[in-house]
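Peer 1: Quick one: the structure is below, questions incoming.
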Number of protein chains: 4
Amino acid sequence: MADRIHGIFTPHLVPLDGAGRIHETELRRYVDWLIDRGVHGLYPNGSTGEFIRFAPEERRQIVRIVCEQASGRVPVLAGAAEANVRETVAACEAYRGFGARAVAIVSPFYYRLGPESVYAYFREIALHSPLDVTLYNIPMFASPIDLPTIRRLAELERVVGIKDSSGDLAFMMRMIAAIRPYRPDFSFLTGWEAVLVPMLLIGADGGTHATSGVVPELTRKLFDLTKAGQLEEAIRLQYRLLELFDAMLYSADFPEGFRAAVELRGFDLGHSRQPLSPIQVANREELQRLLRCLLADFGYVEPPPEGCPTRPPDLEQVRLNQIVGDVLEELRHRS
Amino acid sequence: MADRIHGIFTPHLVPLDGAGRIHETELRRYVDWLIDRGVHGLYPNGSTGEFIRFAPEERRQIVRIVCEQASGRVPVLAGAAEANVRETVAACEAYRGFGARAVAIVSPFYYRLGPESVYAYFREIALHSPLDVTLYNIPMFASPIDLPTIRRLAELERVVGIKDSSGDLAFMMRMIAAIRPYRPDFSFLTGWEAVLVPMLLIGADGGTHATSGVVPELTRKLFDLTKAGQLEEAIRLQYRLLELFDAMLYSADFPEGFRAAVELRGFDLGHSRQPLSPIQVANREELQRLLRCLLADFGYVEPPPEGCPTRPPDLEQVRLNQIVGDVLEELRHRS
Amino acid sequence: MADRIHGIFTPHLVPLDGAGRIHETELRRYVDWLIDRGVHGLYPNGSTGEFIRFAPEERRQIVRIVCEQASGRVPVLAGAAEANVRETVAACEAYRGFGARAVAIVSPFYYRLGPESVYAYFREIALHSPLDVTLYNIPMFASPIDLPTIRRLAELERVVGIKDSSGDLAFMMRMIAAIRPYRPDFSFLTGWEAVLVPMLLIGADGGTHATSGVVPELTRKLFDLTKAGQLEEAIRLQYRLLELFDAMLYSADFPEGFRAAVELRGFDLGHSRQPLSPIQVANREELQRLLRCLLADFGYVEPPPEGCPTRPPDLEQVRLNQIVGDVLEELRHRS
Amino acid sequence: MADRIHGIFTPHLVPLDGAGRIHETELRRYVDWLIDRGVHGLYPNGSTGEFIRFAPEERRQIVRIVCEQASGRVPVLAGAAEANVRETVAACEAYRGFGARAVAIVSPFYYRLGPESVYAYFREIALHSPLDVTLYNIPMFASPIDLPTIRRLAELERVVGIKDSSGDLAFMMRMIAAIRPYRPDFSFLTGWEAVLVPMLLIGADGGTHATSGVVPELTRKLFDLTKAGQLEEAIRLQYRLLELFDAMLYSADFPEGFRAAVELRGFDLGHSRQPLSPIQVANREELQRLLRCLLADFGYVEPPPEGCPTRPPDLEQVRLNQIVGDVLEELRHRS
């Protein structure tokens, strides 16, 4: 597995300054902070990074800054989708110059294209990209990349992996079963951290997780615990990460909940380029109070002065004993 | 109704040259041809116009060329959505300079945003745009604009209309019932020419129809016949337009079927920026043979040398007599 | 068109007594009331009639009562879908004995079956049914019947029509274009009264409308006005029917809003077999207040003692002048 | 966990005789065969059992036969949904008499009901059922039971579990996190065997799996291996079960692929009550050839005389080494 892209890659947000421009020093500070807390790689211009809300030259600027600041400490997987194949290939060339390890290309969006179009699009890019290409499948936002198409694309040497954000465990297994025997170097990454531990267990190589931009320590720990076979603790933490993930994902239009959380970790991200209505501003404040409590539970931040709602006293203990009890008791006995 | 944006606006394709760049002379020739054949207005940078596959500066170039060439003969409704509110407002300013009548802004896409975000987005643009704004609702590609949100947005003076591509007649009626009493200047355009005549009958002001870039004479005729109360002929032609529309829409990934048809009308559009697979190239040729026959039926092009499949001999007559017979016989008697 | 099933068929609710059993005398009174107010036919065991919440023998009882009471004054189109083909055919035989004109068979539900299964299912029934069969397409509840399947089924003599509840006008046109030239006796009914007038205009033969169980006078009037070419008034009333339809459909889980409305017309329907929660009971009372006002506007019931909210004073006039103004002014001039 | 319903329950098909009636002796033989091969329980009248294609009295007959034949060797979870609450409660009473352990009630189908209706429906049944009730959530076929509704229903003592067929691992975790701390006796069963092992790992109690009616030995083994912490082998077999599951599920309209497979295990199931078209009959034969090869791979049946396509020679080995390699190597080292 040495050669496969693997581990936790952070599709990070981009701090903006008071004028709404890229806040370079804060971005560099954020990159350092993420690397220090153990993420395996960085993923600029992802969906969490709001790639679509930046101008083409800004997307280049972001990748340049991130590559410079990472400075070889961790690999950079750069989102490189532009308006068309030609522009995308030009971005790939620029990103090679910046030192990116590979590019990630989201499937064509806006139009819902069929499999033949999706294939033709990625093929054209793969044939001309000077960097390795990972496919990015996110059916809720972009044209789906179906299994036969993935199989066809895996025949191209330049295509070295896929990030799938569907969260469908069986689909991940189908991809792995179809491709790994023939392409042992092909990487399978999940974009749905709600089920990160099970995904790793069935053979995924890692993931690109918005949550790792908020709690890099925790996502890294999930990865390490799973790899070390410490499933009891891994699954216990997976349940807690799910609670945090759901709060960030379902309490605001994506990725605003993640922005609200990263702020609590001490970064000034500025205002999103997607304006908020007054109701949304109020909801965001309420969400931040909840998130502060969830993050304080992990010890990552101070709890709010007014305190947090008490959890059911025995919840943790109950979970430890019952949720994964039978399965893991057996494991404990064996080890 | 004098003040409302109305009639048939063409969301035209953009001819590309051999190098894949905007083919300016061919675009100008196409604009003239459309105006000569009676379209009421032009709509550059629409979904048919593949706005998303062009770079920002190319979108400006397209609107500049179209405004120049239209030269006041017909109004231009310019698609102006850019990466974010600031860029979009800058485009609006540029398009005012070019002489556009108004801008059309598609609802935020890629992310599926909720109503509050959709509202905040359009509100921010409407407050800063120097040109009138029409909302563009296309739920199959972009975040839906629901009825309460449309009602709220219609309170802003700058928002002067909506183009709805859902094809849902009842939804159009709900919009008209909710807004027209308070905003008699607000324009309702449909993007679904499959039901153009019924839409006009229940009160829509017109439409922006990809098909009008292929058969401008026919869409204009549908509009005029309906306005003139010649429903029998209007509905007969609506059936024939539906057959053509379906062939272009469902035989290839949008808008490739329309590109194939416009070529048959004598324009060199070049290759799409979305590459085609070999299978798609073959299917496209087959589609063009079918389209040639459909267009030849109208007398717009020569039939292919190998001839066309015979239609059921009495189909036209059957339709004329039976499809809309009872309803319209009565109308004939009255007039 | 003489031979085609046509006009407004009422998919009526079934009154229940205090013990939850079929309330025969009230059902007979309701049948008389509907016929007196002009519906062209009756449609027991439809979706509105909650066929799925009755036992097989109850469904037979309902058809028997309705046929007896109609007593040849209007045709009965009897919903006959049972657990499987054999039971369904047995029901068809029973309904022939009761005097039904034809049966309506909903596409297989629960499982989402593909086109081949849908075809095989209807074919088997059509080959054995002693009564004419109409297909019932309601994709939101049952396996969709797609266009090629409809075309294949229309080759069977016993299949004499389709009721389509999708509300998709273009789909209705596609069906009519594909089948009418070859089967002039085949009937096309819409189940979506929100667009009844446009459906009639493009050639539909009529509809089966839950709303006709509430305001039979109004649906009949819409039909007659359209047939008589009085489109201005037809469309004006279509807008008002839409308002009523939406209130009944979207304010409660179907068909409870229709039950609440029929009660206001003076019928004791008893409690639905689907229990209501306390919140739903309260919402239902609020809905009835709104419905009473809407029905009072038509003069069908007395307004509530506490009065109704004032409508915008000029709403009616505005609509009359503007919504369908241009189109219909022309028509007026011609006649 | 002693008290919770747990393990693998088989939602079995029902053999029919030449006249299309329940084939009692074959059903009894099938029940014995399943119990002998280790399933933990039986689940008559499930979706796989085509409950909707039987008459009410036939559903009773099926449960009676199965309870009699099981004769206390394994618990019976009886599907008891009838046309309405009253009929359903009557079925529950009958099933108690037959000796069923509990009933499973599918959420209301045909109509898509909202959460309040779903709640009111299950509450009414739970208050009157003489047997424990498990909820059955299958959003692709029936009204979804959302998380808040499940939480409310879990407050009723009679409601002792849920079977969820969505296959959504994160949703299962959300249910467990919300309910288990307060209802340690509440059972969580998955209906999606494609991810059985991961479901068990995150705390599910078992599943009701159509596949267990075809390869009861294999599903039982997956369960036992997981419980015993032998994850490497469990996941390896999960991949193989997925291949079989996909073949049965996606090659024919459900549950015909499962019927074709059970026949290969030596049972005469007769013809489905859903007729097959000639094309479907041919496809079914082709599917059986494929299934015979898959089942022969496990050693459950003889390979076909004409042989089976060779699998990639090292596929098994590759999978063993690479798919779950890193994770499980560590586990091996620990134990």
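Computed from the coordinates by the stated procedures, all read-outs in this text should not be read as laboratory data. Owing to the predicted nature of the structure, the values given are computational and were not obtained by experimental measurement. Note that we place each Cβ from the backbone using ideal geometry, even for glycine, and neighbour counts take in every protein chain shown.
Peer 1: Can you list the distances in nanometres, one decimal and ascending, from the C:Leu147 label point to the identical position in each other copy, with the point 7 Å along Cα to Cβ?
Peer 2: List, nearest first: 2.9, 3.0, 4.2 nm.
Peer 1: Using a simple charge model, +1 on the beta-carbon of Lys and Arg, -1 on the beta-carbon of Asp and Glu, nothing else, what dipole does the range A:227-317 show about its Cα centre, in debye to the nearest 20?
Peer 2: 240
Peer 1: Which residue is it, in chain D, that holds its beta carbon closest to the axis of the D-onto-B rotation, and how many whole angstrom away?
Peer 2: For the rotation taking chain D to chain B, the closest Cβ gives D:Gly114, 10.
Peer 1: Counting only DSSP beta bridges with both residues in chain B, tell me the antiparallel percent, nearest 5.
Peer 2: 5
Peer 1: Quick check: the distance between the Cα centres of the range C:42-117 and the range D:243-280, to the nearest angstrom?
Peer 2: 29
Peer 1: Is there a simple number for the mean count of other chain Cβ atoms within 10 Å of the Cβ of residues in B:287-295, and what is it?
Peer 2: That works out to 0 on average.
Peer 1: Still on this structure: What percent antiparallel are the DSSP beta bridges of the protein assembly as shown, to the nearest 5?
Peer 2: Given both bridge residues lie in the protein assembly as shown, the antiparallel proportion sits at roughly 5 percent.
Peer 1: Between C:Ser272, C:Ser107, C:Ser212, which gets the highest mean-square fluctuation from a Gaussian network model of chain C, Cα cutoff 10 Å?
Peer 2: C:Ser272
Peer 1: Now for a different question. Positive end of the dipole of the range D:7-334, charges at C-beta (+1 Lys, Arg; -1 Asp, Glu), about the Cα centre: which of D:Val14, D:Val262, D:Ala296 has its Cα farthest in that direction?
Peer 2: D:Val14
Peer 1: While we're looking at this one, here's another question. Amide H neighbours of D:Thr10 under 5 Å, counting only residues 5+ apart in sequence or on other chains, H built in-plane at 1.01 Å?
Peer 2: Close amide H contacts, sequence-distant or interchain: D:Gly41, D:Leu42, D:Tyr43.
Peer 1: List the residues whose amide H sits under 5 Å from the amide H of B:Leu16, counting only those 5 or more places along or on another chain, with H placed 1.01 Å from N in the peptide plane.
Peer 2: B:His23, B:Gly270
Peer 1: How far, in nm to one decimal, is A:Glu285 from itself in the other copies if the label point is set 7 angstrom along Cα toward Cβ? Shortest first, please.
Peer 2: 3.7, 6.7, 7.3
Peer 1: A further question on this structure: From the phi of every residue in the range B:55-67, what ³J(HN,Hα) in whole Hz does the Karplus formula 6.51 cos²θ - 1.76 cosθ + 1.60 yield, where θ is phi - 60° and glycine or proline is x?
Peer 2: Each residue's phi maps through the Karplus curve to give 6, x, 5, 5, 4, 5, 4, 4, 5, 4, 4, 5, 5 Hz.
Peer 1: Given a cut-off of under 8 Å on Cα pairs at least six residues apart, what relative contact order in percent is computed for the range D:7-334?
Peer 2: On the way: 529 pairs, mean separation 52.1, N = 328.
Contact order relative to length: 16 percent.
Peer 1: Here's something else I'd like to know. What does the helix-only formula give at 222 nm for the protein assembly as shown: each DSSP H stretch with n ≥ 4 adding -39500 (n - 2.57), the total divided by the residues, and the result rounded to the nearest 500 deg cm²/dmol?
Peer 2: Helices in the protein assembly as shown give a 222 nm mean residue ellipticity of -14500 deg cm²/dmol.
Peer 1: Which far-off residues, 5 or more places away or on another chain, put their amide H under 5 Å from the one on A:Gly191, with H placed in the peptide plane?
Peer 2: Excluding prolines and chain starts, which carry no amide H, the hits are A:Asp164, A:Ser165, A:Ser166, A:Gly167, A:Thr208.
Peer 1: Would you mind giving the mean number of other chain beta-carbons within 10 Å of the Cβ of each residue in C:110-119, as a whole number?
Peer 2: Values: counts 11, 11, 4, 4, 3, 2, 8, 10, 3, 4.
Per-residue shielding by partner chains comes out at 6.
Peer 1: Just to be sure I understand: of the beta bridges DSSP finds with both ends in the range A:60-178, what percent are antiparallel, rounded to 5?
Peer 2: Numbers: 1 of 14 bridges.
Of all bridge pairs located within the range A:60-178, approximately 5 percent are antiparallel.
Peer 1: Right, another one. How many partner chain Cβ atoms sit within 10 Å of a residue's Cβ in peptide D:246-255, on average, as a whole number?
Peer 2: Details: counts 4, 0, 0, 0, 0, 0, 3, 11, 4, 1.
The mean count of partner-chain Cβ atoms within 10 Å per residue comes to 2.
Peer 1: Please report, in debye to the nearest 20, how large the charge dipole of the protein assembly as shown is about its Cα centre when each Lys and Arg carries +1 at its beta carbon and each Asp and Glu carries -1 there. List each step's numbers first, then the result.
Peer 2: Values: 148 positive and 176 negative charges, 0 e Å.
That gives a dipole near 0 debye.
Peer 1: Apply the Karplus parameterisation 6.51 cos²θ - 1.76 cosθ + 1.60, with θ equal to phi minus 60°, to every residue of the range C:71-76 and state each ³J(HN,Hα) to the nearest whole Hz, in sequence, with x for glycine and proline.
Peer 2: 6, x, 5, 9, x, 10
Peer 1: Nearest 20 debye, what's the magnitude of the dipole of the range B:7-334 about its Cα centre given +1 on Lys and Arg Cβ and -1 on Asp and Glu Cβ? All intermediate terms of the calculation are to be shown ahead of the outcome.
Peer 2: Working: 36 positive and 43 negative charges, 137 e Å.
Dipole of the range B:7-334, to the nearest 20 debye: 660 debye.
Peer 1: If each label sits 7 angstrom from Cα along the C-beta direction, how far apart, in nm, is A:Cys308 from its counterparts in the other copies?
Peer 2: Label-point distances to the other copies, shortest first: 5.2, 5.4, 7.1 nm.
Peer 1: Looking at chain A as a GNM with Cα springs under 10 Å, which of A:Gly299, A:Gly20, A:Gly270 has the largest mean-square fluctuation?
Peer 2: Its mean-square fluctuation being the largest, the pick is A:Gly299.
Peer 1: Residue by residue through the range C:210-220, which ³J(HN,Hα) values in whole Hz follow from phi under the Karplus form 6.51 cos²θ - 1.76 cosθ + 1.60 (θ = phi - 60°), with glycine and proline marked x?
Peer 2: Residue by residue, the range C:210-220 yields 3, 4, 6, x, 9, 10, x, 4, 6, 5, 4 Hz.
Peer 1: Using a 4.7 Å cut-off between beta carbons, which cysteines in chain B end up with no partner cysteine at all?
Peer 2: B:Cys67, B:Cys92
Peer 1: Given the options A:Glu93, A:Glu306, A:Glu155, state which has the largest fluctuation in a GNM of chain A using a 10 Å cut-off (strictly under) for Cα springs.
Peer 2: A:Glu306
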